[in-house]
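Notes for the one structure printed next.
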Amino acid sequence: MVKLYELAGKNGVIFSPYCWRIRMALSFKGVNFECEEVAFTDIKNISEGQFKTVPVISDNNNVINDSYDIALYLDEAYPDTPLLFPNEDAKQAFRFIEAWSNSLHSDIAQIAIFDIFKKLQDKDKAYFRKSREALFLMSLEDVQESKSAEATSSLLKKLLVLEKYLMRARFVGSLNPTYADFIIFGSLKWLLQTSESFNHHDLPEKAREWYTELSSRYNTPSS
């Protein structure tokens, strides 16, 4: 069985976009897996400290880090299950989807940075506040208060790309979900799992329908 190490806040809140990508990928492939919740400050304890980030999976003595590398591994290790990458070209093409989806993260951070902080395990809060305030050069409270409105507007403009595409296709992978869908889903799940002001009803119509269907298919709450 695959073990998935994923970032967790208080009360089992799973919020990392990269961890959600792999949780969805495993569910899509029908691979049996168990999750181990990890705090930011406990990542160093995984596999004798060889990784600085999650997700990490352990499978048949293979330990892999980085969500994209994990997805590639899953298709190689479990080729008789539905494929995350339908062909060789997709393995490279989906890197563009990843880059676009990751461009949403700066907006998401500004929308929900203090909300994220409030959902962390207590032992992570000092680390998170210090590291993020060094990045933003202001308090987490001030970041969210002063930047969330502009960041929300920016995010919704970027999501028009997805919205226009989904007017012609049911999934980003066209007829069926692929890893491209789970990349974007993970980014939006991060926002919707943490923000106290933005919910899935705020998504554009087609994007909301797409998000809700993926949530329903793979047994994940829609908010």
Pick out which of K158, K118, K130 has the largest mean-square fluctuation in a Gaussian network model of the chain, springs linking Cα atoms closer than 10 Å. K130
Please list, by residue number, everything in the stretch 25-56 whose backbone N is under 16 Å from a paramagnetic label point 7 Å out along Cα→Cβ of A126. 40-42
So the carbon and sulfur contribution to the accessible area of the chain, 1.4 Å probe, in percent, is 49 percent
Using alpha carbons only, how many angstrom separate the centre of the stretch 172-223 from the centre of the stretch 1-65? 20 Å
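Working out 0.36 nm times the residue gap between E76 and D202, then minus their Cα-Cα distance, what length gain in nm do you get to one decimal?
The span from E76 to D202 would gain 41.6 nm if fully extended.
Averaged per residue, what accessible surface does the chain expose to a 1.4 Å probe, in Å²?
Result: 49 Å² per residue.
At a Förster radius of 30 Å, what calculated FRET efficiency corresponds to the Cβ-Cβ distance of Y68 and T212, to the nearest 0.05?
0.75
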So which trypsin sites (Lys or Arg not before Pro) in the stretch 6-101 end up in coil per DSSP with only 13 or fewer other C-beta atoms within 10 Å? K52
Can you tell me the length gained on complete extension of the stretch A169 to N60, counting 0.36 nm per residue apart and subtracting the Cα distance? 35.5 nm
If you restrict to DSSP beta bridges whose two residues both lie in the chain, what percentage is antiparallel, to the nearest 5? 60 percent
About the Cα centre, and with charges only on the beta carbon of Lys, Arg (+1) and Asp, Glu (-1), how big is the dipole of the chain? Nearest 20 debye, please. 320 debye
Using helices alone, I'd like the mean residue ellipticity at 222 nm for the chain: each DSSP H run of four-plus residues gives -39500 (n - 2.57), total over residue count, nearest 500. -18500 deg cm²/dmol
Using each residue's phi in the stretch 118-128, evaluate 6.51 cos²θ - 1.76 cosθ + 1.60 at θ = phi - 60° and report the 3J(HN,Hα) Karplus result to the nearest Hz, with x for Gly and Pro. 5, 9, 6, 5, 4, 6, 8, 5, 5, 4, 5
The chain, Gaussian network, Cα under 10 Å: of I111, I64, I22, the residue fluctuating most is I64
Which one of I97, A109, V63 is farthest out on the positive end of the charge dipole of the stretch 43-163, using unit charges on Cβ (Lys, Arg +1; Asp, Glu -1) and the Cα centre as origin? A109
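Which length gain, in nm to one decimal place, applies between E133 and A99 when the Cα-Cα distance is subtracted from 0.36 nm times their residue separation?
9.8 nm is the gain from fully extending E133 to A99.
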Under a GNM of the chain (C-alpha, springs under 10 Å), which listed residue has the highest mean-square fluctuation: V56, V161, V38? V161
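The values are calculated or read from the model by the stated rules, or taken from the named source; none is laboratory data. Here the structure is a predicted model, which means the values were calculated and not measured. Every residue, glycine as well, gets a Cβ built from its backbone with ideal geometry; the counts of neighbours run over all protein chains shown. To get the accessible areas, we keep the full protein, side chains included, count just its heavy atoms, and leave off ligands, DNA and RNA. Shrake-Rupley method; radii C 1.70, N 1.55, O 1.52, S 1.80 Å.
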